[in-house]
Amino acid sequence: MKELDYIIQAEHITKSFGDKTVLNDVSLNVKRGEFVTILGSSGCGKTTMLRILAGFETPTSGKIKMNGHDITTMPPYRRPMNTVFQRYALFPHLNVYENIAFGLKLQGVKEKEMDRRVIQALKMVGMSDYEERDVNSLSGGQQQRVAIARAIVNKPHVLLLDEPLSALDHKMRKDMQLELKQMHKKLGITFIYVTHDQEEALTLSDTIIVMNDGVIQQIGTPTDIYNEPANSFVANFIGESNILNGRMLKDMEVEVMGVNAECVDKGFDTDEPVDVVIRPEDVYMLKKPEAGMWRGKVSSCIFKGVHYEMFVDTPNGYEVQVHDYNAFEAGTEVGMLVKPEDIHVMKKERTCNSVEGEMIDSNHVAIFGGEFECTDSALEKGDKVCVEFDFDKVELTDNPEDGTAEAQINFILYKGNHYHITLKTKDGEKLYVNTNDVWEDYDDVGIKIKPSDLRITKQ
Amino acid sequence: MKKILKFMGKRSNWALPYIIFMAIFVVAPLLLVGYYSFLDNEGALSLYNFEKFCTSYDTINTFIYSIGIAMMTTLICILIGYPAAYFMANSEYGTPKVMAMLFILPMWINILLRTLSTVALFDFMKLPLGEGALIFGMVYNFLPFMIYPIYNTMQKMDKSLIEAAQDLGANRRRVFRDVIMPLSMPGVYSGVVMVFMPTISTFAVSELLTMNKIKLFGTTIQENINAGMLNYGAALSLIMLIIIGLTSFFGSDDDESNETGGLL
C-alpha cells in the first residue's frame, strides 16, 4: 500500500506524565475514510492518544503525520480535524446555531453559506428547527447531536470522537451508534473513535485497535479481533471466552483440558505450552456425554434473553462457559464438542516469571523492592542476576506487610481451573501468579516465594 | 418545658432568631430611613428634603463626584483585577496559590489601619494627599473584591470549552475573546457590584486620604446627621440606597446569575 493512502500515521508515540508512562511506543496507521476505534479500559492511554492526535498534548517522543506531513507540533486550531468531546463541551453562552457556527465564523465563511451549512448539519443530526434553542435546555442526547453537528459542519478531514456516547442511556446509545455509522457512510470522512465499550467497537468499526497499559495489543477488523485474538488479554476483553492452558502436540493438534483436540493452527514447537481460546457460543452441548470430546456436569444455567448461559464442570476440574439456545438444567451430564476452527491457539507471552535483581549476600537477593531469601549460592554481594520462578510458586498474602515485597493486583484472568493474576510491584515490575484463590482487582497484597523455588543465574 | 421542646421541634421555628434579628437591624432601620426622609423640619409629611437636595448645587456636585470616583475605582479594579484573576486561574503562569494568598493577605488587617498606613506611606514618599491618593487607597482596599469573583468564575470554567474552541480553529486571542471573556462576565458583574457599592458610600477613607480636602457623598450624609439634620440625612441615604440598588440589579439581571462568582 502506498504511504499516502494513510491519512494519519502515528510513529512510535511515547507519552509520559512525570514518571508515569501513559503511551509506550504506539504506532498506528489510519486509512482515508476508515472508521477506526481505539478500544481499551479506562487508563489504558486511549484518550491520551486521541488528545495527541487532536493536538492538545504533544508526545514525549514519536511523530504524528497527516497526509505524509509531520504535524506533531502543529497547534490544534491549525489541524483539519475536529473533536466530539465526551462531555459535549458546548458553549453555554451561545445558542445552538451560534455553537455550530463557531468554527465557520472563525474561518470567515459568508453569512449565507454559513446559514446553509448550519441548517444542513442540524438536519444531518436530526435537530432541524433547534437553531434558537439555549444549549442548556437540551437533553444529553440532543447536546451530543449538537456537538457532532458543530464538528462536522467544518468538513474536517478527520473526526475524532472521545467516548461520545458514554453519557447516554442504553437505548439512546444503540440509536446513536446506528446514526453514527450512517453518518460516517454519508460524509465519507475518517472517523477515529475512542471507547471502552467492546460491543460499540465491534458494531461501528472498520478497524479496531485494542490497547492495554499504553501498549497496542492488536490491530484488526472486528471479525479478526473477535475470532483470532492475538493474546489472552484481547480474548478476555472482547466478548466472553474460555481461556485455557494447552499444549501443542504437533501441527493441527493441541492438548486442552486433558483431551487431544484437532485445531487449525501450526508453526509451534512440539509440546509448546499455549493459550487456547474457546468462545462460549462455539461449544456444542450434547445430551449424550460419551458423544462429546469432553464430558461434564452442568453447574448453573441462566436465561440471558436470547441464549442460556451455562457453566459446565469437567471431571478433571475445569469450568467451561457455554452459550446455547437450549437449556440444560443444572446437574445434567453432558458432552461438549468444539469444531477445530473454533479452537484458537495463541502463543504464550511468557511461561515463567523472570526479573532482574541484585545479590545482597550469598543467600539473599533483592527483587521487587524486597529482600528474598534464596538457596545458598556462590554469588557475592552486588552481583547482577536474573531470577526466574514459576507462576504457581508464589504465595499471596492478604496483608501486604506479611509478604517479602508488596504488590497490587492489576488484572485477573480466569483460565478454566485457576486464576492467572498480573501483579504490579511497588518498583513497577510485573509478575504473574497462578492461584486458585479468589482475589479482587486493585487489592494490595504481599508476595512470598520459597527459597528453593528461585532460580538464579548470574548475568 | 414541654411547650419549648415542641416549639423547638418544628424545624421552621429555628429561623426565628434570624428573622427577629433582621427585623430589628435591617428592616426597621430601612423603614425609619424611609419615614424620616419624608418629614420636614416641623415633622410634617412632605417632599421638602428631596427638593432641598435637588436645589442644593453643592450636594448634587458631591453626589456626582462620588459616583465618578466610585466608577473610576471600579474601572481601575477591573483593569488590574481581570488580568490578575486570569493569571491566577491559569496555573501555567506559575504559582497561582501564592498569588491568591498575597492578594488576600492585606484583608487580614482592618481597613482603617490599612488606610492610615497608606497615608503614612504617601507622607514617607513625599507624595501629596488628595484625589490621586484617594483613588489609590480605594483601589488598594477594594481590589480583592474584584479579583475573587472573577477568579472564581474562571476557575470553575470547564477547561474542555477552551479546548473545544481551539479545536474549532480559534487561536489564543480568539479563544480569549470568544470563550473566556464572555464566560467570565458574570464574575465581572459580581466584582463591579462588590466594589462600586461600598466605594460610593465611603467616608472615613476619603477623609484620611485627602486630609478632609475632598468631600464624598458619605461624608455629606455624616455631616448632616451630625449637625442634627436627621431628616435630610435620611433622604440623602435613601437616594444613595436607590442608586446602589440599581447597580445590583444591573448585575443580577443577567440570566446566568447562578454562575456569578458565588458572591451575589
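The values are calculated or read from the model by the stated rules, or taken from the named source; none is laboratory data. In this text, all values refer to a predicted model and were calculated from it rather than measured experimentally. With ideal geometry, Cβ positions are generated from the backbone for all residues, glycine too; neighbour counts draw on all protein chains shown.
Residue B:148 - would you say it is buried (at least 20 other Cβ atoms within 10 Å of the Cβ) and away from every other protein chain (no Cβ under 14 Å)? The answer is yes for residue B:148. In the set (1) touching a residue at least 24 places away in the same chain (Cβ under 8 Å); (2) in contact with a helix residue (DSSP H, G or I) (Cβ under 9 Å, 6 or more places away or on another chain); (3) within 14 Å of chain B (Cβ to nearest Cβ), the condition left unmet by residue A:40 is number (3). From the list B:83, B:106, the lone residue that is in contact with a helix residue (DSSP H, G or I) (Cβ under 8 Å, 6 or more places away or on another chain), under 21 Å from residue B:148 (Cβ atoms) and not hydroxyl-bearing (Ser, Thr, Tyr) is B:106.
If I filter segment A:232-243 for residues that are out of contact with any strand residue (DSSP E or B) (no Cβ under 8 Å at 6 or more places or on another chain) and closer than 15 Å to residue A:341 by Cα, do I get at least one hit? There is no residue in segment A:232-243 that is out of contact with any strand residue (DSSP E or B) (no Cβ under 8 Å at 6 or more places or on another chain) and closer than 15 Å to residue A:341 by Cα. Kindly evaluate residue A:324 against the criterion of being acidic (Asp, Glu), surrounded by fewer than 18 Cβ atoms within 10 Å (Cβ to Cβ) and more than 23 Å from residue A:254 (Cα to Cα). Yes. For segment A:49-77, taking the residues that are hydrophobic (A, V, I, L, M, F, W, C) and not in a loop (DSSP other than H, G, I, E, B), the one that is farthest from residue A:28 (Cα to Cα) is identified as A:54. If you check residue B:116 against the conditions, is it surrounded by fewer than 21 Cβ atoms within 10 Å (Cβ to Cβ), touching a residue at least 24 places away in the same chain (Cβ under 8 Å) and not in a helix (DSSP H, G or I)? Taking the combined requirement at face value, the residue does not satisfy it. Within segment A:67-92, the residues that satisfy the criterion of being touching a helix residue (DSSP H, G or I) at 6+ places or on another chain (Cβ under 9 Å) and more than 9 Å from chain B (Cβ to nearest Cβ) are A:67, A:68, A:71, A:72, A:84.
With respect to the conditions (1) surrounded by fewer than 20 Cβ atoms within 10 Å (Cβ to Cβ); (2) modelled with pLDDT of 85 or more, residue B:257 falls short on a single one, namely (2).
Entry remark, segment B:157-183: residues being touching a residue at least 24 places away in the same chain (Cβ under 8 Å), at the interface with chain A (Cβ under 10 Å from one of its Cβ atoms) and assigned to a helix (DSSP H, G or I) number 1 in total. Checked against (1) touching a helix residue (DSSP H, G or I) at 6+ places or on another chain (Cβ under 8 Å); (2) closer than 20 Å to residue A:413 by Cα; (3) at pLDDT 90 or above; (4) among the charged types (D, E, K, R), residue A:295 meets all criteria but (2). Screening the candidates A:98, A:11 for the property of being charged (D, E, K, R), within 24 Å of residue A:145 (Cα to Cα), assigned by TED's automatic domain parsing to the domain that holds residue A:120 and surrounded by fewer than 20 Cβ atoms within 10 Å (Cβ to Cβ) yields one hit, A:98.
So that you can scan it fast, the table gives a plain yes or no per residue for (1) touching a His at 6+ places or on another chain (Cβ under 6 Å); (2) buried (at least 21 other Cβ atoms within 10 Å of the Cβ); (3) at positive phi; (4) in contact (Cβ under 8 Å) with a residue 12 or more places away in the chain:
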{"residue": "A:102", "(1), (2), (3), (4)": "no, yes, no, yes"}
{"residue": "A:108", "(1), (2), (3), (4)": "no, no, yes, no"}
{"residue": "A:128", "(1), (2), (3), (4)": "no, no, no, no"}
{"residue": "A:148", "(1), (2), (3), (4)": "no, yes, no, yes"}
